[in-house]
Amino acid sequence: MKERMSGISGFAGYVPPYRVSLEDWCGWTGNSWEKTRAVIGDGFRMPGPDQNAYTMAAEAALRLILEHEVDPQAVGYLALGTESSTDNATSGAIVVRGLIDAALAARGLPPLARDLEAPEIKQACLGGIYGIKGALRYLQVDGDRRSAIVIASDIAEYARGSSGEPTQGAGAVAMLMEHDPKLLAIDLRRSASASRYRALDFRKPFSRYCGQEPLAGRRLHDFPVFNGKYSTACYIDETIASLDAFFARGRRGARAAYYRNLGAVFMHRPYDRMPVAAWTLGYIFALAADGATGQAELAEYAAAADVNLQALLDEMKESPDLLGQALEGDLVEEPFPLAARLARSFRAAPAYRAVVTEKMTLGSRVMRELGNLYAAALPAWLAAGLEEASEKDVDLHGKDILLIGYGSGDASEVLVATAAAGWRVAAAKSGMTAALRDPVDLDAVEYAALHDGSSAGMPLQEEVGFAIDRVGTIDTLRLQDTGIEYYRYREEGMASARTRT
């Protein structure tokens with residue numbers, strides 16, 4: 001009997017309207033626009049003062065249900081991948097289901113099923129990919145006649161003046177997961193994982209909230225504790241480790257040939273250049289692993305970069321002790337310096353276009369406008385890339401599409417997808433391009449105010465959709481709701497529906 005495949009049948013995205021042009025930001029802050037454009041992107045989005053990860057997730061999920069005509073009663077699994085939760089007990093997916101139910105009721109539609117499984121998944125920027133894996137396992141094991149929805153929603157914010165400031169962003173992507181998928185089939189037997197504790201990588205310890213007042217009408221700042229170049233080193237090392245595990249798990253043939261024959265690759269994308277650097281290094285490692293044939297090609301690149309081939313091969317056999325050195329006060333900024341030097345030279349080689357540029361171009365224009373979406377970054381890039389592939393009639397039939405996720409701290413995942421028959425129809429409905437329409441471009445004063453959580457002087461859009469109505473302040477023996485958000489939903493031309501988490 002032929003095994004029934006599961007995967008993704010559709011996407012829906014939401015990003016808040018408030019946009020910061022990075023060119024303008026460079027003018028306000030004195031940063032180099034040329035460097036910022038080359039390394040990071042063109043702009044980023046910010047949440048409004050009455051938005052959070054839950055409201056954005058609900059916006060994306062409601063769009064998914066309506067656009068793809070999903071039967072709410074048939075959904076058996078609703079997962080939220082995020083690192084921007086506002087509650088340390090209740091699953092954010094439960095909050096989101098409450099918001100969706102209110103919106104469905106306002107439209108005269110049935111609510112989500114009562115027997116819905118609703119987990120929240122947190123592992124930095126990897127929560128969305130873990131959500132996808134959880135949904136696939138649900139469908140294969142106990143969701144035979146059901147569908148699943150996975151949402152990745154996050155707010156990336158950094159202190160003004162920090163190195164992370166231009167990599168901010170906010171948004172959500174919802175994914176419909178089904179048997180016999182209409183868009184992408186994913187076979188977990190070909191997936192691979194890698195993880196390792198890194199201590200001083202990107203973190204969000206609770207102590208950051210000490211001294212912040214949540215009831216002053218301003219969102220708590222969720223600025224991370226991070227060490228930028230060390231975090232980049234962790235990203236590169238763990239991504240290479242997960243790729244190595246992927247090839248070790250039943251792959252046959254030359255690794256470098258697999259890179260060249262791929263239909264496309266989509267990775268966690270905190271800013272424009274970071275996944276490109278990791279993927280390029282991955283190809284260099286693949287050549288080294290391919291024996292004499294691959295190393296002959298590698299020798300050409302090494303000679304052009306003035307890198308000793310044997311020293312390079314020895315370096316790539318090492319497993320850098322990033323944690324141990326960090327605990328001793330030495331934050332490694334480049335785990336494979338010789339390979340990185342060769343990678344910079346490799347950009348001029350003809351193979352670079354075939355291995356890197358052609359595999360990573362789809363959806364990149366949209367991503368340059370989104371900023372870092374943390375857990376939603378990879379799903380957003382995948383949705384935007386498939387939408388563009390549909391528009392340009394790119395042939396993805398019969399080719400593997402790699403999804404490489406990463407979460408700081410850290411862990412990495414490799415998933416393999418293949419395009420379903422008729423995938424272009426579902427891809428055209430992804431809506432990531434439409435999600436960028438009608439931005440509200442902020443000036444320096446408005447940006448500073450919104451960054452601080454204030455709506456003073458803001459060009460706020462007319463409220464339509466989900467929003468935080470108020471935050472509880474009651475702390476008595478009879479009733480406590482301190483810090484609990486109350487929400488409202490308003491469809492255009494419709495009275496508001498209210499709910500409470």
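The values are calculated or read from the model by the stated rules, or taken from the named source; none is laboratory data. All values derive from a computational prediction rather than experimental measurement. Neighbour counts are summed over all protein chains in view; Cβ atoms, including those assigned to glycine, are modelled from backbone coordinates with ideal geometry. When the accessible area is computed, the model is the full protein with side chains, heavy atoms only, and any ligands, DNA or RNA have been set aside. Shrake-Rupley method; radii C 1.70, N 1.55, O 1.52, S 1.80 Å.
Data table
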{"item": "Residue-span extension gain [ALA428 to ALA351] - 0.36 nm each, minus C-alpha spacing", "result": "24.7 nm"}
{"item": "Inter-label distance for ARG344 and PHE223, nm, one decimal - labels placed 7 Å from Cα along Cα-to-Cβ", "result": "3.1 nm"}
{"item": "Loop sites in the range 215-321: trypsin sites (Lys or Arg not before Pro), DSSP, at most 10 other Cβ within 10 Å", "result": "ARG252"}
{"item": "Rough spin-label spacing in nm, given labels placed 7 Å along Cα→Cβ, for THR476 and LEU109", "result": "3.9 nm"}
{"item": "Protein accessible area in the chain, 1.4 Å probe - carbon and sulfur %", "result": "50 percent"}
{"item": "Within straight-line cross-link reach of LYS133, lysines at Cα separation under 28 Å, skipping those fewer than 8 residues along the same chain", "result": "LYS2, LYS122, LYS182, LYS204, LYS359, LYS399, LYS429"}
{"item": "Where N is the number of residues in the range 20-69, Cα Rg divided by 2.2 N^0.38 Å", "result": "1.66"}
{"item": "Cα-based Rg and Dmax for the range 132-178, where Dmax is the largest Cα-Cα distance (Å)", "result": "16.6, 51"}
{"item": "Expected-Rg normalisation [2.2 N^0.38 Å, Cα atoms] applied to the range 249-376", "result": "1.14"}
{"item": "Test item: Cα-centred dipole of the range 41-120, Lys/Arg +1 and Asp/Glu -1 on Cβ, debye", "result": "160 debye"}
{"item": "nm² value of the averaged projected area, convex hull over the Cα atoms of the range 46-124", "result": "5.8 nm²"}
{"item": "10 Å binning of all Cα-Cα separations within the range 144-288, expressed as whole percents from 0 upward", "result": "8, 28, 31, 23, 8, 1, 0"}
{"item": "Value of Rg to Rh for the range 386-489 (Rh from inverse mean 1/r over Cα pairs, i.e. Kirkwood)", "result": "1.15"}
{"item": "Under 12 Å, Cβ to Cβ, from GLU117 - net charge with Lys/Arg +1 and Asp/Glu -1", "result": "+1"}
{"item": "Computed over the range 1-107, the ratio Rg/Rh where both radii use C-alpha atoms and Rh is Kirkwood", "result": "1.11"}
{"item": "Computed magnitude of the charge dipole of the range 1-70 (debye, nearest 20; Cβ of K, R +1, Cβ of D, E -1)", "result": "220 debye"}
{"item": "Kirkwood Rh in Å, taken over the chain so that all alpha-carbon pairs contribute", "result": "23.4 Å"}
{"item": "Residue range of the chain that is longest and free of GluC sites (Glu not before Pro) which are both DSSP loop and sparsely packed (at most 16 other C-beta within 10 Å)", "result": "70-317"}
{"item": "Spin-label zone in the range 71-92 - amide nitrogen under 16 Å from a point set 7 Å from the Cα of ASP142 along the C-beta vector", "result": "75-79"}
